[in-house]
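Here's the structure, in C-alpha coordinates; my notes come after.
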Amino acid sequence: MAKKGDKAQDRPDAAASQEAKLLWAFDGLIDAEGPVMITAWVTIIEYIDKDGDTHLAPLSSDMPPWRMTGIVDSGRESLIEDYEFFDEYDDWDE
(Lines give C-alpha, C1' and ligand atoms only; values in the text may rest on other atoms or scores of the structure.)
Protein backbone atom coordinates (compact mmCIF):
# COMPACT_ATOMS: atom_id res chain seq x y z
CA MET A 1 0.00 0.00 0.00
CA ALA A 2 1.21 3.53 -0.72
CA LYS A 3 2.42 5.89 1.98
CA LYS A 4 -0.11 8.10 3.75
CA GLY A 5 -0.93 10.97 1.45
CA ASP A 6 -0.38 8.84 -1.69
CA LYS A 7 -3.88 7.33 -1.63
CA ALA A 8 -4.54 8.15 -5.29
CA GLN A 9 -1.70 5.83 -6.34
CA ASP A 10 -3.49 2.70 -5.11
CA ARG A 11 -6.95 3.71 -6.37
CA PRO A 12 -8.75 0.72 -7.96
CA ASP A 13 -9.26 0.96 -11.70
CA ALA A 14 -12.69 1.11 -13.35
CA ALA A 15 -12.78 -2.68 -13.81
CA ALA A 16 -12.25 -3.38 -10.08
CA SER A 17 -15.07 -4.85 -8.03
CA GLN A 18 -17.62 -2.65 -6.29
CA GLU A 19 -16.28 -3.91 -2.96
CA ALA A 20 -12.68 -2.99 -3.82
CA LYS A 21 -13.78 0.54 -4.74
CA LEU A 22 -15.79 1.00 -1.53
CA LEU A 23 -13.05 -0.38 0.72
CA TRP A 24 -10.55 1.96 -0.95
CA ALA A 25 -12.89 4.92 -0.38
CA PHE A 26 -13.31 4.03 3.31
CA ASP A 27 -9.59 3.45 3.93
CA GLY A 28 -8.40 5.49 6.89
CA LEU A 29 -11.88 6.26 8.26
CA ILE A 30 -11.80 3.63 11.00
CA ASP A 31 -10.28 5.14 14.13
CA ALA A 32 -8.41 2.14 15.47
CA GLU A 33 -4.84 1.69 16.59
CA GLY A 34 -2.83 -0.53 14.27
CA PRO A 35 -4.04 -2.34 11.16
CA VAL A 36 -7.64 -3.52 10.87
CA MET A 37 -9.38 -6.09 8.71
CA ILE A 38 -12.90 -5.31 7.51
CA THR A 39 -14.95 -8.51 7.85
CA ALA A 40 -18.35 -7.20 6.74
CA TRP A 41 -19.79 -3.86 5.68
CA VAL A 42 -23.11 -2.19 5.03
CA THR A 43 -23.56 1.29 3.60
CA ILE A 44 -26.44 3.39 2.37
CA ILE A 45 -25.56 6.18 -0.02
CA GLU A 46 -27.92 9.00 -0.90
CA TYR A 47 -27.23 10.59 -4.26
CA ILE A 48 -28.85 13.02 -6.68
CA ASP A 49 -29.07 12.01 -10.33
CA LYS A 50 -28.73 14.25 -13.40
CA ASP A 51 -32.46 15.11 -13.19
CA GLY A 52 -32.14 16.31 -9.59
CA ASP A 53 -34.00 13.30 -8.15
CA THR A 54 -32.69 11.82 -4.90
CA HIS A 55 -32.12 8.08 -4.54
CA LEU A 56 -30.76 5.63 -1.97
CA ALA A 57 -28.23 2.98 -2.91
CA PRO A 58 -28.05 0.22 -0.25
CA LEU A 59 -24.86 -1.84 -0.59
CA SER A 60 -23.26 -4.57 1.51
CA SER A 61 -20.73 -7.34 1.51
CA ASP A 62 -22.04 -10.86 0.98
CA MET A 63 -23.75 -11.96 4.21
CA PRO A 64 -26.97 -13.52 5.49
CA PRO A 65 -29.92 -11.14 5.94
CA TRP A 66 -29.95 -11.60 9.74
CA ARG A 67 -26.35 -10.39 9.97
CA MET A 68 -27.07 -7.37 7.79
CA THR A 69 -30.02 -6.47 10.01
CA GLY A 70 -27.81 -6.76 13.09
CA ILE A 71 -25.13 -4.50 11.61
CA VAL A 72 -27.71 -1.89 10.59
CA ASP A 73 -29.36 -1.96 14.04
CA SER A 74 -26.01 -1.73 15.83
CA GLY A 75 -24.92 1.09 13.53
CA ARG A 76 -28.09 3.03 14.30
CA GLU A 77 -27.43 2.66 18.03
CA SER A 78 -23.81 3.80 17.56
CA LEU A 79 -24.92 6.87 15.63
CA ILE A 80 -27.43 7.81 18.32
CA GLU A 81 -24.72 7.48 20.99
CA ASP A 82 -22.11 9.41 18.99
CA TYR A 83 -24.17 12.32 17.66
CA GLU A 84 -26.37 14.86 19.34
CA PHE A 85 -29.72 15.15 17.61
CA PHE A 86 -31.68 18.39 17.48
CA ASP A 87 -35.43 18.87 17.20
CA GLU A 88 -34.94 21.55 14.57
CA TYR A 89 -32.47 21.49 11.71
CA ASP A 90 -31.93 25.22 12.25
CA ASP A 91 -30.07 24.37 15.47
CA TRP A 92 -27.46 22.25 13.69
CA ASP A 93 -24.14 24.13 13.55
CA GLU A 94 -22.11 21.64 11.51
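Quick look at the values:
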item: Ser17 touching a residue at least 24 places away in the same chain (Cβ under 8 Å) and among the polar types (S, T, N, Q); result: no
item: Members of segment 20-40 found to be of a type in the set (A, V, I, L, M, F, W, C) and free of Cβ contacts under 8 Å to residues at least 24 places away in the same chain, listed by number; result: Ala20, Leu23, Trp24, Ala25, Phe26, Leu29, Ile30, Ala32, Val36, Met37, Ile38
item: Inter-residue pairs, beta-carbon under 9 Å, first surrounded by fewer than 10 Cβ atoms within 10 Å (Cβ to Cβ) and in segment 55-81, second assigned to a helix (DSSP H, G or I), 6+ apart; result: Asp62/Glu19
item: Those residues of segment 19-33 which are within 19 Å of Met63 (Cβ to Cβ) and part of a loop (DSSP other than H, G, I, E, B), in sequence order; result: Ile30
item: Members of segment 45-54 that are farther than 19 Å from Ala20 by Cβ and not aromatic (Phe, Trp, Tyr); result: Glu46, Ile48, Asp49, Lys50, Asp51, Gly52, Asp53, Thr54
item: Index of the failed condition, Lys3 passing every other in (1) touching a Leu at 6+ places or on another chain (Cβ under 6 Å); (2) at pLDDT below 80; (3) not hydrophobic (A, V, I, L, M, F, W, C); result: (1)
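The values are calculated or read from the model by the stated rules, or taken from the named source; none is laboratory data. Just so you know, these numbers come straight off a predicted model, no measurement behind them. Here the Cβ is made from the backbone with ideal geometry for all residues, glycine too, and neighbour counts use every protein chain on show.
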